[in-house]
1. Please list MET245, MET24 in order of solvent-accessible area, largest first, computed with a 1.4 Å probe with all protein chains present.
2. How would ASP320, ASP227 line up by accessible area, probe 1.4 Å, largest first?
3. For a test of the definition: using alpha carbon positions, the gyration tensor, and the 1.5 limit on a/c, classify the stretch 185-264 as rounded, prolate or oblate.
4. Tell me the net charge near ARG188. Cut-off is 11 Å between Cβ atoms, ARG188 excluded, with +1 for each Lys or Arg and -1 for each Asp or Glu.
5. To the nearest 10 square angstrom, what accessible area does HIS204 show with a 1.4 Å probe?
6. Enter the accessible area per residue of the stretch 267-361 (Å², integer; probe 1.4 Å; all protein chains in place).
7. Under a crude label model (7 Å from the Cα following the beta-carbon direction), how far is HIS204 from ASP68 in nanometres?
8. Taking every pair of alpha-carbon atoms in the stretch 240-350, what share in percent sits in each 5 Å bin, from 0 to the bin with the longest distance?
Amino acid sequence: MYGLVLEGGGAKGSYHIGVYKALMDEGVRIRGVVGTSIGALNGAMIVQGDYDKCYELWNKITYSMVVDVEDDEIEKIIQLKLARDDLRFVKEKIKEFIGHKGFDITPLKRLLDEYIDEEKIRSSGMDFGMVTVNLSEFKPLYMFIEDIPEGELTQYLLASAYLPFFKAEKLGGKRYLDGGFYDNLPYRMLLKKGYKDIILIRTHAKGITRRLVLPNTNSILISPSGDIGKSIEYDRNRARENIKMGYYDGLKAIRGLKGQSYYVIPKENKDYYLDFLLNIKEVDIIKLQRILKLPQAPYRRSLFEDIIPKICSLLSIDKDYDYEDILIYLLEKKAEKCKIDRFKIFTFEELLSEVMDKRIPCNKELGPFNRLIEKVDILPIFNKDETILEVANIIFGNDNQN
């Protein structure tokens, strides 16, 4: 069974929930959870066996559920849609913020009281730990559930997530700071417990993340494949998108799916991709030589010695990647241009069929600088995306797939 590590990150924590759903669906068993800040809060609900309640919470999350603010006014500030009366409101809120030395987090306290069940966590039989910083004693605290006094779990969860812009107050007579300021991804807590199988879910939020050193472990690192927003973006629509991304990123990690932005089932027969490349017609190889500003050479030799390395350079991928990775990454670029929904598990053929009949015209209008570049024998680096699209149109054209 695995230990699960949840990185802090405020509103980015919705991503954890999607990944955990994928782990459940794939039958991955979790024996212990540690986290920092929102990672600790999500982890508590996972340990108490209330995933559905946690999912429900993130699906309806708003700013006012965390701090004492008006959601519509926060949205106006974020979108800069402020009328004169709105500016007066903002001015008053700033005065209130300064006067109280921070945001009132009474709503967050109510959330913890409503959603956290300390008895369930203590009786779960699972390890559960968190990180906070004791400002009163100037020391970090790594605490497992057995280290926390009975009846004080929600206080310590709040301490793990206590940000500097929250209203200054003491918890149990002491001041605390969000654990992300010391260790935002506390995997070492599990190592000290003897865990060898560890899953780490990143958010890449601001904070101190210790260098990953996981010797002699079976570790799986799961990171967002796209933008999951800002740590303060408590928006239900963003949360729902993050959950969806987390779910597919989790499936990708567990099933070993391929792709950077799409999710492609790997081929058992690796010769498939070599045969795919060998099927590119000579006339199209010549087109690729011209587009990529490469010298003429025998077409098969040019394909493997010149064209493929140049494509790797354009895609910013290592030349040591295999043909499967190269073709999938190139196909993804065209799929993105075609605006094909990425949240689906594809075979290579399925994704290919989605893009083959959607030839997107490249921008042929050249400015003075690009006209000059066209006259010399170098690749126009400022037109890289257009070049990639042209290459994809040729390689994945109907003529080459007959």
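The values are calculated or read from the model by the stated rules, or taken from the named source; none is laboratory data. As the structure is a prediction and not an experimental result, all values here were calculated from the model. As a convention, Cβ positions derive from the backbone with ideal geometry for all residues, glycine included, and neighbour counts pool all protein chains shown. Calculation scope for accessible area: heavy atoms of the full protein, side chains included, ligands and nucleic acids excluded. Shrake-Rupley method; radii C 1.70, N 1.55, O 1.52, S 1.80 Å.
1. Details: MET245 15, MET24 75 Å².
In descending accessible area the options line up as MET24, MET245.
2. Values: ASP320 135, ASP227 110 Å².
Solvent-accessible surface, decreasing: ASP320, ASP227.
3. Values: a/c = 2.48, a/b = 1.36, b/c = 1.82.
Here the stretch 185-264 falls in the oblate category.
4. On the way: positive: LYS192, LYS193, ARG210, ARG211; negative: ASP183.
Taking every Cβ under 11 Å from that of ARG188, the sum is +3.
5. Answer for HIS204: close to 100 Å² accessible.
6. Working: 5200 Å² over 95 residues.
It amounts to 55 Å² per residue over the stretch 267-361.
7. Between HIS204 and ASP68, the label points sit 3.7 nm apart.
8. Histogramming the stretch 240-350 at 5 Å steps yields 2, 11, 19, 20, 20, 13, 7, 5, 3, 1, 0 percent.
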